[in-house]
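Below is one structure, written out as structure tokens; comments come after it.
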Amino acid sequence: MMLLVKDLEVRYGGITALRQVSIAVNKGETVLLVGANGAGKSSLINAVIGLVPVCGGTIEFDGNRLDRLACDRRARAGIGYSPEGRRVFPSMSVADNVLSGAFGLGRERQRKAFAWLCELFPLLAERARQPAGQLSGGEQQIVALARAMSSFPALLLLDEPFLGLAPVWIARISEAIRQMQQRGTTILMTEQMARPALKLATRGYVMRGGEVRRSGTIAEIRELALAEEYL
Amino acid sequence: MWRRARSISNVVGLGEILSVVVLALAFVIPVASDSPFTHSVANQTLIAITATFSVYIMLRMDLLTFAVPAFMGLGGYAVALAGLRGGVTDAVALTVLSFAVPALVALPLGALILRLRGVYFVLVTFVLTEILLLVIFETPGLTGGSNGLVGMPPIDLFGLSIADNRQVLAFAAGITVLAAIITAALTRYYRQHFASIEENEVLAQSLGLVVWRYKVIGFVVAAGLSGMAGFLLVNMLLTAHPTSFSPISSVNYIAYAIVGGRSSILGPIIGSTLLVWAANIFSIQGEYSQGLFGLLIMICVTLAKGGIVGTAILLWERYGPAWPWGAARASGLAADGARVRP
């Protein structure tokens with residue numbers, strides 16, 4: 001088991017964002033969290049990476065407890081994170097943005113990672129020295145994704161990677177995610193617009209009101225998503 | 001040739017190279033001028049530049065520090081005590097001492113207070129200077145209390161006594177160049193780390209950056225540089241006095257950094273030079289001097305929100321000819337991640 005979340009509780013002040021949430025992600029699989037706005041998908045991702053404190057429950061990564069570790073130690077343990085809303089460092093160059101995901105790798109491995117990512121996304125080489133804030137939304141999403149991939153993480157957390165993107169960018173990002181799958185990377189992703197994500201995932205969970213309501217194979221999730229109008 | 005220039009500027013940074021070259025020109029002043037006024041103002045400028053480098057380092061991590069006078073005081077008093085009580089006059093040893101004492105104090109202190117953000121950090125650094133002043137006043141046996149420490153022996157460098165104004169100025173120029181090299185090395189080596197902390201600390205942490213470690217490194221080096229500025233001040237006055245390190249002087253160093261521009265290491269140099277010279281020229285106007293000084297700061301901040309250097313880079317990028325080896329920012333004139341835009 002790559003990631004095991006048991007009875008997780010997250011509260012923002014008096015508001016409960018996650019209630020008794022339990023999910024499991026096996027090594028090498030891609031798991032999708034589906035749900036409407038406020039369902040708790042991003043809170044779950046943020047709790048796993050350590051951006052929000054947990055009030056109860058446990059998070060295990062590769063057999064080790066994560067929930068007591070600082071955010072940076074979780075990232076260095078092998079978790080890559082691409083946040084919702086394409087949060088890039090706007091004044092930093094594209095190259096520095098991408099390499100900021102590989103702080104702990106050392107200069108030589110950083111260079112190799114960047115060369116590999118430039119093969120995957122030629123855009124990165126073309127715009128390497130341009131400030132990331134000057135890129136379009138889709139291009140910024142590519143930068144955020146490349147940044148999350150630059151440390152060759154064992155587990156990749158993708159929070160709404162297709163949000164607000166044109167179909168051409170959705171196709172490119174889907175292709176990049178497929179390449180990560182081929183490398184054996186385990187992926188946990190959230191998506192409101194479930195249609196493109198369903199093509200990539202192997203299993204899924206449906207969330208609502210801070211709880212996991214259903215789980216199943218991707219075919220089952222597609223039916224549920226259709227019934228609950230997520231597609 | 002441009003390719004070679006570009007590769008050098010990529011590694012070292014054009015702004016960093018220019019800053020060292022510009023400061024090295026200060027060695028000419030003691031030779032070129034006989035005027036005691038010029039020597040005095042040049043000395044004050046070099047001290048201000050050295051102190052403002054520490055504000056610049058902290059601003060690179062989006063931290064506003066009011067602790068500069070506190071660390072200047074630690075460095076200055078450490079040097080004065082070593083000279084008066086220990087008989088140490090060796091300039092190299094005193095320089096190391098003036099850097100090491102505040103840096104060692106900043107190390108545990110930084111680990112504690114750098115977890116604070118925004119206004120809380122500002123407040124704590126301001127209080128720190130007040131506490132230091134209190135300690136100085138309450139320990140007259142060690143620090144001379146409100147009388148300060150007077151009668152420091154002149155320092156010597158490799159056997160040469162640094163006693164007259166020209167030598168003191170040349171020594172100050174040397175220390176300021178050293179401070180510029182330390183600042184340049186730190187901010188270039190950790191440019192990616194500092195830039196990501198400045199832009200989005202939480203995001204940087206989620207990407208695996210141990211934010212507090214780099215903040216502590218920056219804080220410790222900034223404290224050391226402040227200590228070196230304190231040494232220069234004490235060496236110029238041959239006195240360590242509490243009024244030299246008043247908390248309100250931290251506002252001046254912040255103004256120098258903001259007016260010069262926080263986007264490049266050239267900012268503290270230009271801001272300090274302009275404002276120190278302006279303050280001295282305005283002082284001739286007596287009662288209007290403070291008002292004129294304030295007016296100048298208001299004009300600079302209103303017309304050049306990115307500071308003088310930031311605005312110059314912005315104007316160059318917008319209207320100037322193409323930079324020979326890429327955009328000004330990309331060539332290292334402005335620090336990566338630094339906000340040159342208002």
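List of remarks:
- Any hit, the stretch B:227-240, residues being among the aromatic types (F, W, Y) and within 20 Å of B:H39 (Cβ to Cβ): yes
- Helices (runs of 4 or more DSSP H) fully within the stretch B:17-128 counting 3 or more residues that are of a type in the set (A, V, I, L, M, F, W, C) and more than 26 Å from B:N280 (Cβ to Cβ): B:68-84, B:91-113
- Considering (1) in a helix (DSSP H, G or I); (2) closer than 24 Å to B:A100 by Cα; (3) in contact with a Pro (Cβ under 8 Å, 6 or more places away or on another chain), the lone condition that B:P247 does not fulfil carries the number (1).
- Selection status of A:L200, closer than 25 Å to A:A113 by Cα, modelled with pLDDT of 85 or more, out of contact with any His (no Cβ under 6 Å at 6 or more places or on another chain) and part of a strand (DSSP E or B): no
- Qualifying residue in the stretch B:153-164 (condition: modelled with pLDDT of 90 or more, β-branched (V, I, T) and part of a helix (DSSP H, G or I)): no
- Members of the stretch A:78-108 found to be small (G, A, S), under 24 Å from A:E191 (Cα atoms) and at the interface with chain B (Cβ under 9 Å from one of its Cβ atoms), listed by number: A:G80, A:G101
- Single residue of B:A82, B:A32 found to be more than 15 Å from the chain's Cα centre (by Cα) and surrounded by fewer than 18 Cβ atoms within 10 Å (Cβ to Cβ): B:A32
- Members of the stretch A:53-67 found to be within 14 Å of chain B (Cβ to nearest Cβ) and either without any contact (Cβ under 8 Å) to a residue 12 or more places away in the chain or surrounded by fewer than 16 Cβ atoms within 10 Å (Cβ to Cβ) (or both), listed by number: A:P53
- The criterion of being assigned to a helix (DSSP H, G or I), more than 21 Å from the chain's Cα centre (by Cα) and not polar (S, T, N, Q) holds for B:L142.
- Of all residues in the stretch B:182-232, those being basic (K, R) and either within 17 Å of A:D72 (Cα to Cα) or without any contact (Cβ under 8 Å) to a residue 24 or more places away in the chain (or both) number 2.
- B:R213 meets the conditions (1) in a helix (DSSP H, G or I); (2) of a type in the set (D, E, K, R); (3) surrounded by 21 or more Cβ atoms within 10 Å (Cβ to Cβ) in every case but one. The failed one is (3).
- The listed residue being in contact with a strand residue (DSSP E or B) (Cβ under 8 Å, 6 or more places away or on another chain), closer than 18 Å to B:Q192 by Cβ and of a type in the set (A, V, I, L, M), out of A:A128, A:A146, A:A102: A:A128
- Of the residues A:A70, A:A75, the single one that is at the interface with chain B (Cβ under 9 Å from one of its Cβ atoms), surrounded by fewer than 16 Cβ atoms within 10 Å (Cβ to Cβ), under 19 Å from the mean Cα position of the chain (by Cα) and of a type outside the set (D, E, K, R) is A:A70.
- Criterion applied to B:T95, B:T89, B:T139 was being touching an Asp or Glu at 6+ places or on another chain (Cβ under 7 Å) and either under 30 Å from B:D34 (Cα atoms) or free of Cβ contacts under 8 Å to residues at least 40 places away in the same chain (or both), and the one residue passing it is B:T89.
- Single unsatisfied condition, A:R111 versus (1) away from every other protein chain (no Cβ under 11 Å); (2) touching a Ser or Thr at 6+ places or on another chain (Cβ under 9 Å): (2)
- Enumerated helices (runs of 4 or more DSSP H) restricted to the stretch A:1-109, each holding at least 2 residues that are polar (S, T, N, Q), at pLDDT 90 or above and out of contact with any Cys (no Cβ under 9 Å at 6 or more places or on another chain): A:41-49
- Condition check for B:A163: of a type in the set (A, V, I, L, M) and over 21 Å from the mean Cα position of the chain (by Cα): yes
Here is a yes/no grid of residues against (1) of a type in the set (S, T, Y); (2) more than 20 Å from A:S22 (Cβ to Cβ); (3) assigned to a loop (DSSP other than H, G, I, E, B):
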{"residue": "A:F162", "(1), (2), (3)": "no, yes, yes"}
{"residue": "A:P196", "(1), (2), (3)": "no, yes, no"}
{"residue": "A:G204", "(1), (2), (3)": "no, no, no"}
{"residue": "A:G216", "(1), (2), (3)": "no, no, no"}
{"residue": "A:L224", "(1), (2), (3)": "no, no, no"}
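- Condition check for A:K41: more than 9 Å from chain B (Cβ to nearest Cβ), touching a strand residue (DSSP E or B) at 6+ places or on another chain (Cβ under 6 Å) and either within 28 Å of A:S136 (Cβ to Cβ) or not aliphatic (A, V, I, L, M) (or both): yes
Yes/no matrix, rows are residues, columns are (1) closer than 30 Å to A:V143 by Cβ; (2) at pLDDT below 90:
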position: B:V216; (1), (2): yes, no
position: B:G224; (1), (2): no, no
position: B:A229; (1), (2): no, no
position: B:L233; (1), (2): no, no
position: B:T239; (1), (2): no, no
position: B:N280; (1), (2): no, yes
position: B:L292; (1), (2): no, yes
position: B:I297; (1), (2): no, yes
position: B:G306; (1), (2): yes, yes
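- Among residues of the stretch B:235-258 being crowded, with 24+ Cβ neighbours inside 10 Å and over 16 Å from the mean Cα position of the chain (by Cα), the one that is farthest from B:F53 (Cα to Cα) is B:A240.
- Scanning the stretch A:18-41 for residues that are among the small types (G, A, S), crowded, with 23+ Cβ neighbours inside 10 Å and within 20 Å of A:T58 (Cβ to Cβ) turns up just one, A:G40.
The values are calculated or read from the model by the stated rules, or taken from the named source; none is laboratory data. As the structure is a prediction and not an experimental result, all values here were calculated from the model. Because the Cβ atoms are built from the backbone with ideal geometry, glycine has one as well, and the counts that use them run over all protein chains shown.
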